[in-house]
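Colleague: Below: one structure in structure tokens.
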Amino acid sequence: MKTVTVETADVRDAREILDLQKLAYQSEAAIYNDFAIPPLTQTLEEIEAEFGGSLFLKTSVEERIIGSVRGQLNRGTCFVGRLIVDPAHQGRGLGTSLMDSIEKRFPEAERFELFTGHRSEGNLRLYARLGYHPFKQQKISETLTLVYLQKIPDSGIRGQGSGVSS
């Protein structure tokens with residue numbers, strides 16, 4: 001197997017991460033039949049600006065970015081966003097590796113928070129396996145409800161169910 005690394009991304013990686021984000025979110029857009037979701041409409045300027053306040057991690061193979069996640073600490077909570085893995089590389093543990101890495105980069109976090117769509121069953125299963133539990137839902141439209149999940153470090157047992165059904 002080719003060597004896969006997880007490391008800090010910088011603003012020079014913004015274009016490649018944005019292109020991957022737009023590829024990876026096609027499946028999410030299809031679930032909700034909405035191709036105008038923010039990850040697909042984000043501009044290069046917007047993602048470059050995010051580098052000012054968020055830590056971006058990237059997973060690369062042979063210098064090509066195949067995954068990314070971002071996190072931002074605010075008042076003890078690390079907000080985790082836009083976990084993406086190239087569809088051609090999904091199912092190989094890269095998402096888990098990225099999530100583990102982002103959590104390790106914020107050892108001072110009292111909790112981790114993220115959200116996903118209510119019909120995104122694969123995401124919900126992954127986050128449940130990683131110890132995230134739903135704590136609220138927000139109806140965005142007739143077709144989309146966001147499920148907010150949190151993890152308190154050292155509090156959960158991996159593999160517990162999320163309690164969310166779609």
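Computed from the coordinates by the stated procedures, all read-outs in this text should not be read as laboratory data. Since this is a predicted model, take the numbers as computed values, not measurements. Note: ideal-geometry Cβ built from the backbone for every residue, glycine included; neighbour counts use all protein chains shown.
Colleague: Scan the range 14-54 for chymotrypsin sites (Phe, Trp or Tyr not before Pro) in coil per DSSP, keeping those whose Cβ has at most 12 other Cβ atoms within 10 Å, and list them by number.
Modeller: Here the chymotrypsin sites (Phe, Trp or Tyr not before Pro) that fit, given the DSSP loop and packing criteria, are F35.
Colleague: Using a/c under 1.5 as the rounded threshold, could you call the range 32-86 rounded, prolate or oblate? The axes a ≥ b ≥ c are square roots of the C-alpha gyration tensor eigenvalues, and prolate needs a/b larger than b/c, oblate otherwise.
Modeller: oblate
Colleague: Are there DSSP H segments in the chain that both extend 30 Å or more along their axis (alpha-carbon positions) and score a mean Kyte-Doolittle hydropathy of at least 0.0? List them, or say none.
Modeller: Span-like helices, by this rule, are absent here.
Colleague: Less than 20 Å apart at the alpha-carbon level, and either on another chain or at least 8 residues along: which aspartates and glutamates does that give for K151?
Modeller: D100, E103, E108, E110, E113, E121
Colleague: Output the relative contact order of the range 4-151, whole-number percent, from Cα pairs under 8 angstrom with separation of 6+ residues.
Modeller: 20
Colleague: At a Förster distance of 30 Å, what's the computed FRET efficiency of E16 paired with I152, Cβ-Cβ distance as r, to 0.05?
Modeller: It comes out at approximately 0.35.
Colleague: Still on this model: Which peptide among 5-16, 136-147 comes first, and what is the full order, when sorted by highest mean count of other Cβ atoms within 10 Å?
Modeller: The densest-packed peptide leads the list: 5-16, 136-147.
Colleague: Helix-only mean residue ellipticity at 222 nm, the chain, DSSP H runs n ≥ 4 weighted -39,500 (n - 2.57), per residue, nearest 500. What is it?
Modeller: Value at 222 nm, helices only: -8000 deg cm²/dmol.
Colleague: Project the alpha carbons of the range 1-72 onto their principal axes and report the range along each, largest first, in whole Å.
Modeller: 36, 32, 19
Colleague: What is the gain in length, in nm to one decimal, between E142 and L40 on full extension, counting 0.36 nm per residue of separation less the C-alpha to C-alpha distance?
Modeller: Here the segment from E142 to L40 would lengthen by 34.8 nm.
Colleague: Here's something else I'd like to know. Report the calculated FRET efficiency for A29 and R64 (r = Cβ-Cβ distance, R0 = 22 Å), to the nearest 0.05.
Modeller: Taking R0 as 22 Å, the efficiency between A29 and R64 is 0.40.
Colleague: Only Cα pairs within less than 10 Å get springs; with that Gaussian network setup on the chain, which residue of H118, H89, H133 has the largest fluctuation?
Modeller: In this elastic network of the chain, the residue with the biggest mean-square fluctuation among H118, H89, H133 is H89.
Colleague: Here is a follow-up. Can you give me the convex hull volume of the Cα atoms of the chain, divided per residue and expressed in Å³?
Modeller: Cα-based convex hull of the chain, divided per residue, equals 117 Å³.
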